[in-house]
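Following: one structure in structure tokens, then a few remarks.
Nothing in this text is a laboratory measurement; each read-out follows from the coordinates by a stated rule. Fair warning: this is a prediction, and the values are worked out from it, not measured in the lab. Here the Cβ is made from the backbone with ideal geometry for all residues, glycine too, and neighbour counts use every protein chain on show.
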Amino acid sequence: MDYELDLPIADPHEQRVPCVLLLDVSSSMIGEPIRQLNDALQLFKQDLISDALASKRAEVAVITFDSQPTLIQDFTRVSGLHLPPLEARGSTAMGEAILMGLEEIEIRKELYRSQGVQYTRPWIFLLTDGAPSNGSAFEVAVQQAADAFRQNKVLIFGIGVGAANMENLQRVSGDLTFKLNPSFSFADFFRFVSASLRSASASKPGEQLRLNPGEILIKM
Amino acid sequence: MWRTIGLSVAPPIKPVCQDANRWQSLDADTLLMTVADGAGTAARAKIGADVASRAALDYMTEHADATNPLNRPERWPIVLHGALESAIVALRTEAEKHSVPLDHYATTLIGVIATPDLVVVAQVGDGMVFIVDTEGAILRLTIPQRGEYSNETCMLTSLFALDNIQTAVWQEPITGIAAMTDGLLPITTTLPFYKPYSPFFTNLFTFLRNTEDREEAHRKLKGFLLSDRVQNGTGDDLTLLLAVL
């Protein structure tokens with residue numbers, strides 16, 4: 001191939017692939033589960049960093065929830081992802097965390113729009129082994145999640161682990177509710193999430209993404 | 001007389017290019033161009049882009065011909081709308097022939113009729129058309145039509161395609177014109193307003209003007225489009241259809 005022609009080009013625009021992780025760190029996660037979750041998150045980060053496109057395009061925010069939701073990591077490219085070891089304690093402020101996730105996404109979209117950058121439809125992955133402890137906040141979250149879904153604002157994947165209350169999850173995630181197959185680990189789940197972010201990062205305009213969790217997740 | 005060159009290339013790792021470009025000189029002054037970008041997920045996207053770009057060009061050739069008593073430049077926007085409509089009809093015919101849904105042929109489409117002092121464009125989807133004026137300024141005539149999310153654009157096969165035609169008319173002397181599919185936009189425009197990155201276009205037009213041998217120009221442009229620098233910033237099918245006076 002002939003490379004004689006060398007024209008000046010603009011700094012490439014990169015599409016953004018926003019994703020929020022909502023992680024249950026309530027007291028039921030104490031012990032082995034929280035240790036596994038911490039390990040899985042480190043692998044998740046390594047997996048994304050190793051992908052040239054995902055490391056440029058994927059932007060991840062992390063919200064944990066015990067008795068209250070905490071934004072432990074605002075949207076960042078994976079290289080900037082700072083994940084301190086998570087500790088399990090308290091109750092399960094799931095509804096509050098969902099509301100926080102939806103709000104963070106709208107703030108991020110506003111920034112994208114002001115910069116004119118293109119972005120894919122944001123994803124929320126909600127991972128829980130329990131049930132919401134604050135019923136009224138959860139009801140508001142269910143309502144807002146339904147509105148967001150109808151308005152095409154976001155896709156919320158609800159992933160239940162162990163004794164998670166799947167009926168509750170289904171009210172938030174509808175058809176996108178899954179149970180983590182007991183034969184698979186948190187690490188396997190996060191490998192699926194990073195693979196999904198990698199394929200979204202490589203997607204072209206007009207492409208509909210089909211996530212393929214294989215046997216890792218069981219559809220409810 | 002226009003000097004014209006058109007290229008559609010796929011990234012080296014991709015088996016087929018689903019873009020198409022065509023052009024036709026009607027007379028010394030009048031140049032017709034079509035550019036189509038078959039949707040990555042559509043099963044017959046490559047055929048869609050081919051059929052649509054051909055049908056539209058055929059329609060334009062017939063209706064913008066100087067010997068056609070109905071041909072007047074003020075009718076060219078109507079001619080281009082007719083060309084886009086004829087492309088839809090051609091895609092529908094193809095879909096019916098093979099008993100598959102129309103959206104298997106999903107594609108964008110741009111039609112251009114250009115003379116040295118009048119350019120008319122009609123576009124559905126997310127490509128762009130640029131001109132260079134007599135003072136060397138690069139101007140965009142259209143902008144990419146996009147939905148909120150980057151993987152959604154308006155397709156010629158969508159139900160409301162004809163309601164979403166973007167039309168542009170430029171009535172000043174020009175010295176060059178470039179039409180492209182969206183693949184090249186990340187490295188040839190700047191955000192947020194898709195402002196043309198002038199150093200690229202200025203050098204590109206100078207190159208074409210100074211390269212008389214068409215094969216040489218084609219070979220060098222292809223090398224440029226497939227270079228790591230361009231591929232790293234794009235990663236999609238790339239189409240560049242250029243004409244200079």
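Taking beta carbons within 10 Å but only from partner chains, what does the mean come to for residues B:216-227?
Partner Cβ neighbours, averaged per residue: 4.
In square nanometres and to one decimal, what's the mean projected area of the convex hull around the Cα atoms of chain B? Write down the numbers at each step before the final one.
Values: hull surface 51.5 nm².
In nm², the orientation-averaged hull projection of chain B is 12.9.
Which of B:Ala66, B:Ala179, B:Ala52 ends up with the largest GNM mean-square fluctuation for chain B, with Cα atoms connected below 10 Å?
Among B:Ala66, B:Ala179, B:Ala52, the largest GNM mean-square fluctuation belongs to B:Ala66.
For peptide A:10-17, what's the mean number of Cβ atoms from other chains within 10 Å of each residue's Cβ? Can you show the working numbers first?
On the way: counts 14, 6, 10, 10, 2, 4, 1, 2.
So the per-residue partner count for this stretch is 6.
For a test of the definition: using alpha carbon positions, the gyration tensor, and the 1.5 limit on a/c, classify chain A as rounded, prolate or oblate.
prolate
With runs of 4+ DSSP H residues as the only contributors, calculate the mean residue ellipticity of chain B at 222 nm using -39,500 (n - 2.57) per run, divided by the residue total and rounded to the nearest 500.
On the way: 6 runs with 76 residues, N = 245.
Computed ellipticity for chain B at 222 nm equals -10000 deg cm²/dmol.
Cut-off 10 angstrom, C-alpha nodes, Gaussian network model of chain A. Which of A:Phe149, A:Phe186, A:Phe138 fluctuates the most?
A:Phe149
Rounded to the nearest Å, what's the spacing between the alpha carbon centres of region A:27-80 and region B:156-214? Just the number, please.
Cα centres, region A:27-80 to region B:156-214: 41 Å.
Give me the percent of DSSP beta bridges within region A:1-100 that run antiparallel, rounded to the nearest 5.
Working: 6 of 14 bridges.
Expressed as a percentage, antiparallel bridges in region A:1-100 total about 45.
Nearest-5 percent of antiparallel DSSP beta bridges in chain A?
Expressed as a percentage, antiparallel bridges in chain A total about 30.
Quick one: work out the % antiparallel among DSSP beta bridges in the protein assembly as shown, nearest 5.
About 70 percent, rounded to the nearest 5.
Loop only by DSSP, 16 or fewer other Cβ within 10 Å of the Cβ. Give me the chymotrypsin sites (Phe, Trp or Tyr not before Pro) in region B:74-169 that pass, ordered by residue number.
B:Phe160
Could I have the simple spin-label model distance between B:Asp163 and A:Glu106, label points 7 Å from Cα toward Cβ, reported in nm to one decimal?
2.8
Loop-only trypsin sites (Lys or Arg not before Pro) in region A:145-220, please: DSSP not H, G, I, E or B, and at most 16 other Cβ atoms within 10 Å.
A:Arg210
Can you tell me how the protein assembly as shown classifies by the Cα gyration tensor, rounded, prolate or oblate, using a/c under 1.5 as the rounded cut?
prolate
Can you pull out the trypsin sites (Lys or Arg not before Pro) in region A:9-95 that DSSP calls coil and that have at most 13 other Cβ atoms within 10 Å?
Sites meeting the loop and neighbour criteria: A:Arg89.
Once Lys and Arg get +1 and Asp and Glu get -1 on their Cβ, which of A:Ala97, B:Tyr105, B:Ser53 lies farthest toward the positive end of the dipole of the protein assembly as shown?
So the residue we want is A:Ala97.
How large is the dipole of region B:3-244 about the Cα centre if only Lys and Arg carry +1 and Asp and Glu carry -1, each at its Cβ, rounded to the nearest 20 debye?
Charge dipole of region B:3-244: 420 debye, to the nearest 20.
Using Cα springs under 10 Å in a Gaussian network model of chain A, which residue among A:Ser114, A:Ser201, A:Ser27 shows the largest mean-square fluctuation?
A:Ser114
I want to check the label-to-label distance for A:Ile72 and A:Glu215. Put each point 7 Å from Cα in the C-beta direction and report it in nm to one decimal.
Inter-label distance under the simple model: 3.1 nm.
Quick check: the distance between the Cα centres of region B:77-151 and region A:151-196, to the nearest angstrom?
41
Assigning unit charges at the beta carbon (Lys, Arg +1; Asp, Glu -1) and nothing else, what dipole magnitude in debye, to the nearest 20, does the protein assembly as shown show about its Cα centre?
Charge dipole of the protein assembly as shown: 440 debye, to the nearest 20.
Suppose every Lys and Arg Cβ carries +1 and every Asp and Glu Cβ carries -1, with no other charges. What dipole size does region A:1-98 come out with about its Cα centre, to the nearest 20 debye?
380
Take every residue in peptide A:21-30, count the Cβ atoms of other chains within 10 Å of its Cβ, and give the average of those counts.
Averaged over the peptide's residues, the number is 0.
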